[in-house]
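The values are calculated or read from the model by the stated rules, or taken from the named source; none is laboratory data. Computed from a predicted structure; not experimentally measured. Glycine also receives a Cβ, built like all others from the backbone with ideal geometry; neighbour counts cover every protein chain displayed.
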Amino acid sequence: MQAAALEMLGSNLPGRTLQIACVYGEFMPKLHARVEASGGALDVVDVVQAQLDNLKRKLPVKNTVRFWNMDSSNLALPGASYDRVILFFLMHEQPFAIRQRTISEAFRVVKPGGSVVFVEFSKPKWWHPLRYIYLPLLKYFEPFAPDIWDHDDVAFWLSKPWCERIEKRRFLFGHYYQVLMVRA
Ligand SMILES: C[S@@+](CC[C@H](N)C(=O)[O-])C[C@H]1O[C@@H](n2cnc3c(N)ncnc32)[C@H](O)[C@@H]1O
């Protein structure tokens, strides 16, 4: 999914990029390298300071990344100030009302014509074995994730008119996950 997200973002990432919530693995160092090679700037928001501290250790010592300890549903960031915003498996961590506020904040801070990229669970095809194997586990460990399965419609997440501006939508692994880019 990290590779799919990077592919959708493309290799040229000039301007200002905002990552809302830290991502595990190598996604952030790879994103940072692309942004830096493009002459852009990267800001990262996370509600947990320890996640930001951990990310700092994964990036080159000399970097220009700005780390913001903030709640995604209430960003103390100026409006229309980012060329792109990325939310990588954050939506399923949040109950619906908070998810809506996070989405609203992502679209507030992105510039007109900028993009918001979501990587998230989606409702698997009926035949997908993980659908039956993982559902009980998901309900226990990720209590808000099945809500995304039940309302697997981007329009449900995104209030109009955002939902009409989805440029790309891609489903992977029998619809178990989704990557989508919404043009603001
Ligand atoms: C499971 S962790 C990392 C998962 C990550 N998205 C991935 O798949 O690699 C989720 C991250 O979201 C952050 N997070 C959760 N709720 C948040 C919120 N309301 N605002 C900002 N960050 C939040 C957590 O602190 C954590 O760093």
**Asked** Looking at (1) within 19 Å of Q178 (Cα to Cα); (2) crowded, with 17+ Cβ neighbours inside 10 Å, which is the one condition that is false for R34?
**Response** (1)
**Message:** Criterion first (within 10 Å of the ligand (Cβ to nearest atom) and modelled with pLDDT of 95 or more) does V47 satisfy it?
**Reply:** yes
**Request:** Take L138 and decide whether it is within 15 Å of the ligand (Cβ to nearest atom), without any contact (Cβ under 8 Å) to a residue 60 or more places away in the chain and in a loop (DSSP other than H, G, I, E, B).
**Result:** no
**Request:** Might you let me know whether region 56-77 holds any residue that is under 18 Å from L180 (Cβ atoms) and at pLDDT 95 or above?
**Result:** yes
**Fill in**
Of the residues in region 6-43, those that are outside any strand (DSSP E or B) and within 13 Å of the ligand (Cβ to nearest atom) come to A21, C22, V23, Y24, G25, E26, F27, M28, P29, K30, L31
**Message:** Can you tell me which residue is modelled with the highest pLDDT among those in region 78-108 that are in a loop (DSSP other than H, G, I, E, B) and within 12 Å of the ligand (Cβ to nearest atom)?
**Reply:** L90
**Request:** Take region 90-123 and flag every residue that is among the aromatic types (F, W, Y) and either in contact (Cβ under 8 Å) with a residue 60 or more places away in the chain or out of contact with any His (no Cβ under 9 Å at 6 or more places or on another chain) (or both).
**Result:** F107, F118
